[in-house]
1. Filter segment 73-93 for residues that are surrounded by fewer than 17 Cβ atoms within 10 Å (Cβ to Cβ) and either within 10 Å of the ligand (Cβ to nearest atom) or not assigned by TED's automatic domain parsing to the domain that holds Met109 (or both) and give the result.
2. Is it the case that Cys123 is surrounded by fewer than 21 Cβ atoms within 10 Å (Cβ to Cβ), touching a helix residue (DSSP H, G or I) at 6+ places or on another chain (Cβ under 9 Å) and outside the structural domain of Ala296 (by TED's automatic domain parsing)?
3. Please determine whether any residue of segment 205-218 is under 21 Å from Leu256 (Cα atoms), within 10 Å of the ligand (Cβ to nearest atom), surrounded by 15 or more Cβ atoms within 10 Å (Cβ to Cβ) and not aliphatic (A, V, I, L, M).
4. Determine, yes or no, whether Ala276 is at pLDDT 95 or above and closer than 30 Å to Glu89 by Cβ.
5. Could you list, in sequence order, all residues of segment 2-14 that are of a type in the set (A, V, I, L, M) and surrounded by fewer than 24 Cβ atoms within 10 Å (Cβ to Cβ)?
6. Of a type in the set (S, T, N, Q) and farther than 21 Å from Leu234 by Cβ: does that describe Thr9?
7. Tell me which strands (runs of 3 or more DSSP E) are completely within segment 148-255 and hold 3 or more residues being more than 30 Å from Ala276 (Cα to Cα), or say none if there are none.
8. When only residues in segment 245-259 that are touching a helix residue (DSSP H, G or I) at 6+ places or on another chain (Cβ under 7 Å) and surrounded by fewer than 24 Cβ atoms within 10 Å (Cβ to Cβ) count, which is nearest to Tyr168 (Cα to Cα)?
Amino acid sequence: MGKATVLVTGGAGYVGSHAALALQEAGYPLVLLDNLTRGNHNLVRGVIDAPLIVGDIADRALTARLFKEYPIETVLHFAAFAYVGESVEDPGRYYRNNVAGTLALIESMAAAGVRHIVFSSTCATYGMPEVLPITEELPLCPINPYGRSKRMVEQILEDFGAAHGLGYVALRYFNAAGADPEGRLGELHHPETHLIPLVLQTALGQCESVRIFGEDYDTPDGTCIRDYVHVSDLAAAHVAALEYLRAGGASGAFNLGMGHGYSVREVIETCEAVTARPVRVVAAPRRPGDPPRLTADCGKAKRVLGWTPQFVELDTVVRHAWRFLAARQG
Ligand code: UFG
């Protein structure tokens, strides 16, 4: 099968750029679409050899033109807002961009006969699960507008699949972390809210201290446990999902995690060991909406997509994140 062009929305963002690099290395011609609200052109410049169209997924005339201009068969759809706290404060922004924007994109795909979409979903669709590790069969009970916006899109995809034959894979990421092992790409969020980059920025002296949001959870050391999946493993899963759809695979949702969890304290200790620098921590109240534990059962992605994560040690994830951040520090 020849390699048709792939449209990567949010291609100048954190996970989107890593997936674009993996696709490029697999020989796929690419077009990146990013409105640069959260994406960063400097991140991909010189790394991804593809046109970067600066525009919005909600711009139907633009996406119609792209579908006409390029032989696009699959869309990898990353473009979205992804901060839980912000979604609680400004839900309209999340429903407008993540849901209405995606609906416009999918309708444009259907009108142009674009057959496949790989969608960035999230473990936030599960809410506060009672059973761990989380399998795809658990009910989806998101507890914030961000998680709800992603669940809504999964439902829209299901309906478009039934009505128009759109093939989709929804990839439910756990905590995306790390950076390209060769240091070509990494995490550059503004504002940054994620634990690992904040701890590393503190090690670099860019922040004074790291707050630990809650030390009284029902976990061994009292801090929250998360499943930190390497961003290059996420990228590889997107290539696998795209090839699965092109080979006629059935639509569905798949968890992507490392498969085991680490506490906030363990993350901080690992960052101190990797950087060989002490990190000042301060206790802070629980952050509203944080489940105590989230760990993934990734059996389905391994079995059905043939996905094998390469970086399954927190130490490696942190080392790659550190290499990228420290190099940019100059
Ligand atoms: N944390 C701190 N201090 C900080 C930042 C985070 O203690 O300064 C803690 C959080 O409370 C949490 C853990 O570190 O227990 C990880 O927090 P992140 O903000 O890095 O990531 P989240 O688990 O909140 O978010 C991730 C994804 C979201 C997704 C969510 C689902 O980034 O997109 O999981 O719960 F919605």
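The values are calculated or read from the model by the stated rules, or taken from the named source; none is laboratory data. The structure presented is a predicted model; accordingly, all values stated were derived computationally and were not measured. Heads up, the Cβs are rebuilt from the backbone with ideal geometry, glycines too, and the neighbour counts pull from every protein chain shown.
1. Across segment 73-93, the qualifying residue is only Gly85.
2. Details: surrounded by fewer than 21 Cβ atoms within 10 Å (Cβ to Cβ): no; touching a helix residue (DSSP H, G or I) at 6+ places or on another chain (Cβ under 9 Å): yes; outside the structural domain of Ala296 (by TED's automatic domain parsing): yes.
Spelling it out, it is not the case that Cys123 is surrounded by fewer than 21 Cβ atoms within 10 Å (Cβ to Cβ), touching a helix residue (DSSP H, G or I) at 6+ places or on another chain (Cβ under 9 Å) and outside the structural domain of Ala296 (by TED's automatic domain parsing).
3. no
4. no
5. Let us first name the residues in segment 2-14 that are of a type in the set (A, V, I, L, M), namely 4, 6-8, 12.
The answer is Ala4, and nothing else.
6. no
7. Values: elements: 167-173, 175-177, 210-213, 228-230.
Hits in segment 148-255: 167-173.
8. Narrowing segment 245-259 to residues touching a helix residue (DSSP H, G or I) at 6+ places or on another chain (Cβ under 7 Å): 251, 253-256.
In the following step, the residues that additionally are surrounded by fewer than 24 Cβ atoms within 10 Å (Cβ to Cβ) were identified as 251, 253.
Numbers: Ser251: 5, Ala253: 8 Å.
The selected residue is Ser251.
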